[in-house]
Amino acid sequence: MFNKEGIPFFVIIIPFLSIVFIAFFTISYYLKINNLHFEEELKEYKALYLELNPTKSFDLIEKEKRATYEKNSDEFIKFVEILTVSILIFMALFTALMNSIINDTIKKYILQVQNKEKKLQSLNKNLATRVQEGIEEAKRKDRTILQQSKLARMGSMISMIAHQWRQPLTELSGILMELETAVRFKKANDTHILSSIDRSDKMIEFMSKTIDDFRNFYKPDKKKENFYLLDSINSAVNLIDATFKEKDIEFKIITKQNEKIYGYPTEFAQVILNLLTNAKDVLVEKNIKKPKIELTISKVGVNNIIELKDNAGGIEQENLDNIFDPYFSTKSPSKGTGLGLYISKLIIERNMGGELTVYNNEEGAVFKIILLG
């Protein structure tokens, strides 16, 4: 019923077999009806003949008519046999032709499928290679990003240390000038000298503490721990408050609810410092009159919400979708690497399971951090 290619052979020959079967059935039925008609006609003819010729015999005429009928029947049967053989030969030839055409079509289809399978296998091999290359490239980019981020943080740290040291250095210089003047005019006494030394020691101690604060601030967190949001935020603010004062930026923290959360306090503080630094840079760059930054800590349900707002006019609409992309920055290349917000988003969303987003309000940009309490 099936050939080697799986073609349903009977599908091809059944129509022809049906035609042959119908033809033979029709011929048999025709011969049967014709024979009945012949017998009836012969009887009628015999009765009429004997009625007209009662003295004559009908046997010879009947024999002749039967011989003629049988001869005609034989000729018809031979014709049907020749026609049947012709149909069978045609059917065989047509079946062979159709079988050949279908086999060729299926062979072509199988060949096409095999070629596509080979192409797919080749593509899979190339894809695996490309994926591996992509992974390696991504790892290289990540290493580059981390390295550039470290360099950017180092530059930012040096800048903030300079701002933190500027005031105590000025005061230390003033103490030394005061002491020098007292010595020149012979007005220095032990009390004055000891007082100047004590004040100088305090300034030097403050500067040394600043170095320790920065060094500890950028140490990576080893494990998650419970910490208060405000404590971590204050550790970031302490590093940049001198810069705010120098740039005459009004800064305030509004604490509606201070909760303990589970995460990396130092990394969270680095995110806050980065957002504060960005806000400061934008306010200075745009030369905003009465610049201000406001940080709000609140809680809605189980979510702790930290919002940082400025009044610098907001972020351009076309930049909002790209602001967290690596290497995307609205600053000049000398002032920004485009990695700060990207790293901040990774810390909040990947390391702490939170969410960091940005939108504009009527005054400026609002960075919103959501963390589970």
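The values are calculated or read from the model by the stated rules, or taken from the named source; none is laboratory data. Given the structure is predicted, the values throughout are model-derived calculations rather than measurements. Virtual Cβ from ideal backbone geometry, glycine too; neighbours counted across all protein chains shown. The accessibility values were calculated without ligands, DNA or RNA, using every heavy atom of the protein model including side chains. Shrake-Rupley method; radii C 1.70, N 1.55, O 1.52, S 1.80 Å.
Before moving on, here are some points about what is shown:
Matching residues to (1) free of Cβ contacts under 8 Å to residues at least 24 places away in the same chain; (2) farther than 21 Å from residue 340 by Cβ; (3) open to solvent by 70 Å² or more (accessible area, probe 1.4 Å); (4) not assigned by the TED database to the domain that holds residue 353:
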{"site": "234", "(1), (2), (3), (4)": "yes, no, no, no"}
{"site": "237", "(1), (2), (3), (4)": "no, no, no, no"}
{"site": "242", "(1), (2), (3), (4)": "no, no, no, no"}
{"site": "252", "(1), (2), (3), (4)": "no, yes, yes, no"}
{"site": "259", "(1), (2), (3), (4)": "no, yes, no, no"}
{"site": "262", "(1), (2), (3), (4)": "no, yes, yes, no"}
{"site": "270", "(1), (2), (3), (4)": "no, no, no, no"}
{"site": "300", "(1), (2), (3), (4)": "yes, yes, yes, no"}
{"site": "326", "(1), (2), (3), (4)": "no, no, no, no"}
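- Subset of the range 49-101 (residues that are among the aromatic types (Phe, Trp, Tyr) and over 60 Å from the mean Cα position of the chain (by Cα)): 49, 58, 69, 76, 79, 90
- Applying the criterion of at least 1 residues that are of a type in the set (Lys, Arg) and closer than 22 Å to residue 304 by Cβ to the strands (runs of 3 or more DSSP E) found wholly in the range 223-288 leaves 250-255, 260-263.
- Condition met for residue 56 (of a type in the set (D, E, K, R) and not in a helix (DSSP H, G or I)): yes
- Looking only at the range 355-367, residues that are touching a strand residue (DSSP E or B) at 6+ places or on another chain (Cβ under 6 Å) and without any contact (Cβ under 8 Å) to a residue 40 or more places away in the chain come to 3 in all.
- Total residues in the range 76-123, condition free of Cβ contacts under 8 Å to residues at least 40 places away in the same chain and among the polar types (S, T, N, Q): 8
- Counting the residues of the range 302-311 that are open to solvent by 10 Å² or more (accessible area, probe 1.4 Å) and part of a strand (DSSP E or B) gives 5.
- Count of the range 350-370 residues which are under 16 Å from residue 279 (Cβ atoms) and assigned to a strand (DSSP E or B): 10
- Restricting 77, 61 to those that are surrounded by 10 or more Cβ atoms within 10 Å (Cβ to Cβ), in contact with a Leu (Cβ under 9 Å, 6 or more places away or on another chain) and assigned to a helix (DSSP H, G or I) reduces the list to 77.
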